[in-house]
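All remarks here apply to the structure that follows.
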């Protein structure tokens, strides 16, 4: 019988995944205690760790089925439960059953999004996501909670709840969103990319919550606009085809 050997390579990506889930739980506890800013930034740190685990696994050639399943379970905690509880504790509790409904649907649809992604991943296009990724939805909700607290946006709390409900539905939609996981960086563009990265870091330093929320909101809106444009052009082509057929007859 062949003896299994311990491979330390698999420790590092799974450690980042475990740490992401751990910070998600701490974020939930912070939200329950009313430390909303702390809870929000813990979710953002979880996002960074989530990005690291996959890249470390690919760099060390340590991808595994266990790692994929563990990553999904960690994501539902860090990007499903944590932002949902943050939203409910900061805003949603004001709206009674509606607030509870939005909170629950965000978690449930996030879980469905992760399950669908795992099933479709082998056959999906590497350049697009089908539906809003759950980390993006989490950052969207978290960012708006931060802006609500920073600028006392009490007049738009219902709008924030409706946007959270909308992004929950977008997670299980067929709206396509661009994926930036496999970007082909050419040497001729390195200088431009370096300047852009410095500019982004500067904006993050000056306006972290505002910049992140703006970028994620634009990303969500662009997907909706693209889907609307596609449906509109498809309908126009269909009507044009019908008109052509009638004229021909």
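Just so you know, all these numbers are worked out from the coordinates, no wet-lab data involved. Given the structure is predicted, the values throughout are model-derived calculations rather than measurements. Methodologically, a virtual Cβ is constructed for each residue, glycine included, from the backbone with ideal geometry; neighbour enumeration extends over all protein chains shown.
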(message) Using Cβ contacts closer than 10 Å as the measure, can you line up 158, 105 from fewest to most?
(response) 158, 105
(request) For a quick protection proxy, order the peptides 217-223, 198-204 by their average other-Cβ count within 10 Å, most packed first. (result) 217-223, 198-204
(request) Report, largest value first, the span of the C-alpha coordinates of the range 43-124 along each principal axis, in whole Å. (result) 48, 27, 18
(request) Compute the relative contact order of the chain as a whole-number percentage, counting only Cα pairs closer than 8 Å that sit 6 or more residues apart in sequence. (result) 18 percent
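In square nanometres, what is one fourth of the surface area of the convex hull spanned by the alpha carbons of the range 64-180?
Working: hull surface 29.4 nm².
Mean projected area for the range 64-180: 7.4 nm², to one decimal.
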(message) Ignoring everything except DSSP H segments at least 4 long, calculate the 222 nm mean residue ellipticity for the chain; use -39,500 (n - 2.57) per segment, divide by total residues, nearest 500.
(response) -25000 deg cm²/dmol
